[in-house]
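To keep things clear, I will list the structure first and then write my remarks on it.
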Amino acid sequence: MHRKLISFLLLACASAGCVDAQSKPAQQSAQAPTQQAAQTPAQPPAKPAAEQSSAQAPIRSTFHIRYINGSNVYIDGGRDAGLTEDTQLILKQNPTLPEGDPRNHALEPGIVARLSVISVASTSAVCAIKASAREVSTDDVVALPDAEVDKIVQRDTLGNTRQYPMVISFTQGDPLDEEAREEEPRPPLPEVNQMRGRIGFDVSSIQQLGQTPSTSNEYGMVFRADFTRMFGTHWNLNGYWRGQFQTNSALAQATLQDTINRTYLMSLSYINPDSPWMAGIGRLYLPWANSLEVIDGAYLARGIATHSVVGLFAGSTPDPAAWDYNPDRRIGGLFYNAHGGSYDHLRFSSTAGVGVEMLKWTIDRPFAFTENDFSYKRLFSIYHSMQVDRPTANPGSPALPTGLGQSLLSMRVEVTSHVVVDLTDTYFRDVPTYDPTLVGTGLLDTYLYQGLNGGARIEFPRHITGYFSLGQSNDSTDPKNSLNKLFGATISHIANTGLQLDARYSQFDSAFASGTYSTLTLSRDLQEHIRLNLQAGKYAYNSPIAATSSSKFVNLMVDSDLGARLFVESMYTAQRGGSMNYNQWTTTLGYRFDNRAATRRASHAVHP
């Protein structure tokens, strides 16, 4: 009722001449054309259309990029600047840049990138990058091509030369209220609230062989998550976890599969492009210093400049594949990182920090660390990390000096698209504490080959890839140099069956461990619903710091979907040799979920 009264009053006022359509541009959006009022005052001769448009609102043709999200960019102009959905924009070459500058690579003469408006509000818009010769950045300015400028001029000319009486009628909502509620456009982004993964329950039976055979059962759970921008926030959950809840035997056999399960990663992370703060909690690597191994803990970081980050971290070291593995070890420290460039061109990342390791909350080893990574496209990369520390001496022993505790150097060069060569140099002062049962899995290869090693990876015809590594193994306590060897080959799409075969043989020899291992892995995905993986191998491990062992093993895994939501996974492991003689069967029944299809349907319903 009150809206009809407002409409009547405005109409009466317009008829009396107290409201003029030409002098109230704020109300033009609510006008509806009807018959010209009879008592309209005389108007001066109209100016030419193009001149009138220019006098009222100069055409804006350039816009700054405020934010980039994947292939979408947000610009600082919208409907008020004449932009509509499907308006085309271009990123022009900069004539002030020197010739050959990578920022000036042309998609076509004079143009670096082409964009199209996909969502528009009053003062901002979202554009999709249709084609680009380089990465678009927030320093770029996009422009309207001449054809789009002509369209806006023509549209504004028609609108400004026609005159209508002042008639306002609110039939489907108040335009002023709608304008107040209008927000900056946010198109449906595929990563927002994307949740996919699986959850299942395990039943495992272990048959222990040998002089005292026995059988035990384990019950556990498996959870895999790939959650991004959960519930519209900037929190993400990623990783995989498998563990046991209950064992009905006090003397359950320790198995290879159980040890591998303890190498999982699962973390909750906060990454917001509009905030300088970053955080992570769970079992994770510190993103700016992977050389610190996996920690069960958390980190908190803050960007202090465009390409700088400072933060702190703390946690335990639970990974049995870590060099200094000890479930009672604690670690914490501070770090600073500087980074820049992009993976498509030159990129660098440099981290430095200090920390302390503790055993049962007693200081064991203060240390300082650095980690540097440089790369150019896919052609060249070099990585180096090191730690300088001062270990705590055992009671009754002389104090140990500060020195280099570990150093890892890796250099990779892509000679051609089919040949990659690499060079590594590894040094550890202290003896390792990793779990030696993982030797045959390949998880410890980084530590088994101390000294200088070189190798190559070569792609041959018929989906065959060969790789090898050779080098001298030595450390500060090793009086001799020993030869390390690794040979392997991968064959994909064997006889058009989809099978992939990988075979490798390794020999390692150093002061703390020597031995050999060989493995054969066969895998295949059947129609995207059934996955098969078979691994067999043997290893011989000799070490003065661990029990000598020689073992053979077989792992078989079959994973199949049951309809649209359920899955079943079966695993069989057999190990013979040393103290590990057992058979293990594990069956997992669970539920898998993926909301991406529902998100796409909802997005299409809103933006058909």
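The values are calculated or read from the model by the stated rules, or taken from the named source; none is laboratory data. Everything quoted here is computed from the prediction, not taken from an experiment. No Cβ is skipped: glycine too gets one built from the backbone with ideal geometry, and neighbour counts run over all protein chains shown. Areas reflect the complete protein model, heavy atoms only, side chains present, ligands, DNA and RNA absent. Shrake-Rupley method; radii C 1.70, N 1.55, O 1.52, S 1.80 Å.
Of everything in region 107-119 that's more than 29 Å from the chain's Cα centre (by Cα) and open to solvent by less than 60 Å² (accessible area, probe 1.4 Å), which residue is nearest to I65 (Cα to Cα)? Taking the candidates together, the pick is I111.
Which residue out of S249, S275 is loosely packed, with under 15 Cβ neighbours inside 10 Å, at pLDDT 90 or above and either hydroxyl-bearing (S, T, Y) or farther than 30 Å from Y572 by Cβ (or both)? Give the derivation first.
Working: S249 fails: at pLDDT 90 or above.
Residue meeting the stated conditions: S275.
Looking only at residues in region 424-446 that are out of contact with any Ser or Thr (no Cβ under 6 Å at 6 or more places or on another chain) and among the β-branched types (V, I, T), the one that is surrounded by the most Cβ atoms within 10 Å (Cβ to Cβ) is V439. Residues in region 257-270 that are at pLDDT below 90 and either under 21 Å from S385 (Cα atoms) or hydrophobic (A, V, I, L, M, F, W, C) (or both): I260, L265.
Taken together, F335, F367 contain a single residue that is closer than 26 Å to P436 by Cβ and surrounded by 15 or more Cβ atoms within 10 Å (Cβ to Cβ), which is F367.
Only one of the numbered conditions (1) touching a strand residue (DSSP E or B) at 6+ places or on another chain (Cβ under 8 Å); (2) within 30 Å of G333 (Cβ to Cβ); (3) of a type outside the set (A, V, I, L, M, F, W, C) is violated by T263, and that is (1).
Of all the numbered requirements in (1) surrounded by fewer than 17 Cβ atoms within 10 Å (Cβ to Cβ); (2) at pLDDT 90 or above; (3) within 24 Å of the chain's Cα centre (by Cα); (4) farther than 24 Å from I271 by Cα, R378 misses one, and that requirement is (2). Can you say whether A225 is among the small types (G, A, S), at pLDDT below 90 and crowded, with 17+ Cβ neighbours inside 10 Å, as far as the supplied structure shows? Considered against the rule, which asks whether it is among the small types (G, A, S), at pLDDT below 90 and crowded, with 17+ Cβ neighbours inside 10 Å, A225 comes out as no. Could you tell me whether region 415-423 includes any residue that is open to solvent by less than 60 Å² (accessible area, probe 1.4 Å), out of contact with any Lys or Arg (no Cβ under 9 Å at 6 or more places or on another chain) and assigned to a strand (DSSP E or B)? The answer is no; no qualifying residue exists. Restricting attention to region 297-325 and to residues that are in contact with a strand residue (DSSP E or B) (Cβ under 7 Å, 6 or more places away or on another chain) and polar (S, T, N, Q), the residue that is modelled with the highest pLDDT turns out to be S308.
Which number in (1) under 30 Å from H463 (Cα atoms); (2) open to solvent by less than 50 Å² (accessible area, probe 1.4 Å) marks the one condition that M411 misses? Answer for M411: the failing condition is (2).
Scan region 42-96 for residues that are hydroxyl-bearing (S, T, Y) and at pLDDT 80 or above and jot them down.
Here is the first cut: in region 42-96, the ones hydroxyl-bearing (S, T, Y) are 53-54, 61-62, 67, 71, 74, 84, 87, 96.
S61, T62, Y74, T84, T87, T96 - these are the residues of region 42-96 that are hydroxyl-bearing (S, T, Y) and at pLDDT 80 or above.
For region 447-466, taking the residues that are open to solvent by 40 Å² or more (accessible area, probe 1.4 Å) and not aromatic (F, W, Y), the one that is farthest from I494 (Cα to Cα) is identified as L452. Of the set (1) within 18 Å of the chain's Cα centre (by Cα); (2) at pLDDT below 90; (3) open to solvent by 30 Å² or more (accessible area, probe 1.4 Å), all apply to V294 but (3).
Residues in region 92-106 that are over 22 Å from G77 (Cβ atoms), more than 27 Å from the chain's Cα centre (by Cα) and either small (G, A, S) or open to solvent by less than 70 Å² (accessible area, probe 1.4 Å) (or both): L97, G100, D101, N104, A106. Among the residues here, R198 qualifies as out of contact with any Asp or Glu (no Cβ under 8 Å at 6 or more places or on another chain), of a type outside the set (F, W, Y) and in a strand (DSSP E or B). All of F593, F567, F512 fail the test of being buried (at least 16 other Cβ atoms within 10 Å of the Cβ) and at pLDDT 85 or above, apart from F567.
Take T424 and tell me if it is hydroxyl-bearing (S, T, Y) and in contact with a Gly (Cβ under 8 Å, 6 or more places away or on another chain). When the stated conditions are applied, T424 passes them. Could you go through region 383-390 and let me know if any residue there is surrounded by 13 or more Cβ atoms within 10 Å (Cβ to Cβ), farther than 24 Å from A338 by Cα and of a type in the set (K, R). Checking region 383-390: at least one residue is surrounded by 13 or more Cβ atoms within 10 Å (Cβ to Cβ), farther than 24 Å from A338 by Cα and of a type in the set (K, R). Residue check: Y325 meets all listed conditions (1) open to solvent by 50 Å² or more (accessible area, probe 1.4 Å); (2) closer than 20 Å to T263 by Cβ but one, namely (1).
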